[in-house]
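A.B. asks: Here it is, the structure in full.
The values are calculated or read from the model by the stated rules, or taken from the named source; none is laboratory data. Bear in mind the structure is a predicted one, so any value in this text is a computation, not a measurement. In this analysis, Cβ positions are derived from the backbone assuming ideal geometry, glycine residues included, and neighbour counts consider all displayed protein chains. All accessible areas refer to the heavy atoms of the entire protein, side chains included, with ligands and DNA or RNA removed. Shrake-Rupley method; radii C 1.70, N 1.55, O 1.52, S 1.80 Å.
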Amino acid sequence: MEIIQRNGWAGVVTLLVGMFLVLLGGTPQVSAEPDVAETKKATEQGEAAVKCICSASQAAAEQDIAELRKAAEQGNADAQRKLGLKHEKGNGVPQDNNQAVDWYRKAAEQGDAQAQWFLGGRYAEGKGVTQNDVDAYAWYSLAADQGNENAAAHKEITASKFTPEQRSQAQSLAVELKTKIDNKKQ
């Protein structure tokens, strides 16, 4: 009890830690005061390591984006869709809905079903383009025809808002887009 009265609970904890270290073969720290020079050195080393790791991972991410952009510019539909998604989310590149739509369109016009679904979503929500349910339906329709279940569900939801005239217009646009895509593939 005398230890508690003289040093408080912190003293008891220090004493117990010291005893534990002695039992394990270590030596208790004489002073509770950390060595300022050692602490500063350790902090600087830690900060340098973090900067190094961050710089390396940032450089790797920039390299990945550069390679993705190169493949997209060379016409790789998968890379175009992925670059569109990066622009939509602002992941490694500035967030830009217009750029997202441009890349999605390039991939979608090559027949990439997921890009067609994404592009349909942009038209349905109006992100990067003027909102247009007829265009949304047409892109959803193309993706749904390739088995994209999400696009099929969104196609039906969009169609439920249509008048018979709008439905006919949307179906005609889907056929027109499919013909254009098929002709590009030949």
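A.B. asks: Hey, can you tell me all the residues within region 70-107 that are open to solvent by 80 Å² or more (accessible area, probe 1.4 Å) and assigned to a loop (DSSP other than H, G, I, E, B)?
C.D. replies: Gln74, Asn91, Pro94, Gln95
A.B. asks: Right, next: Quick test for you: out of Gln110, Gln114, pick the one residue that is in a helix (DSSP H, G or I) and open to solvent by 30 Å² or more (accessible area, probe 1.4 Å).
C.D. replies: From the options Gln110, Gln114, the qualifying one is Gln114.
A.B. asks: Then there's this: Considering Thr158, Thr130, which residue is surrounded by fewer than 17 Cβ atoms within 10 Å (Cβ to Cβ) and β-branched (Val, Ile, Thr)?
C.D. replies: Matching residue, one of Thr158, Thr130: Thr130.
A.B. asks: Another question about this same structure. Only residues that are aliphatic (A, V, I, L, M) and modelled with pLDDT of 95 or more: list them for region 44-71, please.
C.D. replies: Matches in region 44-71: Ala71 only.
A.B. asks: Based on this model, can you work out whether Gln146 counts as over 24 Å from the mean Cα position of the chain (by Cα), more than 13 Å from Ala108 (Cβ to Cβ) and open to solvent by 40 Å² or more (accessible area, probe 1.4 Å)?
C.D. replies: Judged against the criteria, Gln146 is not a match.
A.B. asks: Kindly establish whether Ser168 is open to solvent by 40 Å² or more (accessible area, probe 1.4 Å), small (Gly, Ala, Ser) and part of a helix (DSSP H, G or I).
C.D. replies: Criteria met by Ser168.
A.B. asks: Quick one: would you say Arg122 is under 27 Å from Val175 (Cβ atoms) and touching a Leu at 6+ places or on another chain (Cβ under 7 Å)?
C.D. replies: No: the conditions fail for Arg122.
A.B. asks: Give the residue, chosen from Ala124, Ala79, that is modelled with pLDDT of 95 or more, within 23 Å of the chain's Cα centre (by Cα) and either of a type in the set (Val, Ile, Thr) or within 30 Å of Ala59 (Cα to Cα) (or both).
C.D. replies: Ala79
A.B. asks: Okay, moving on. Taking the condition of being among the polar types (S, T, N, Q) and more than 22 Å from Asp135 (Cα to Cα), how many residues in region 75-107 meet it?
C.D. replies: Result for region 75-107: 3.
A.B. asks: Scanning region 117-127 for residues that are part of a helix (DSSP H, G or I) and over 17 Å from Lys178 (Cα atoms), which turns out most open to solvent (accessible area, probe 1.4 Å)?
C.D. replies: Across region 117-127, the extreme among qualifying residues is Glu125.
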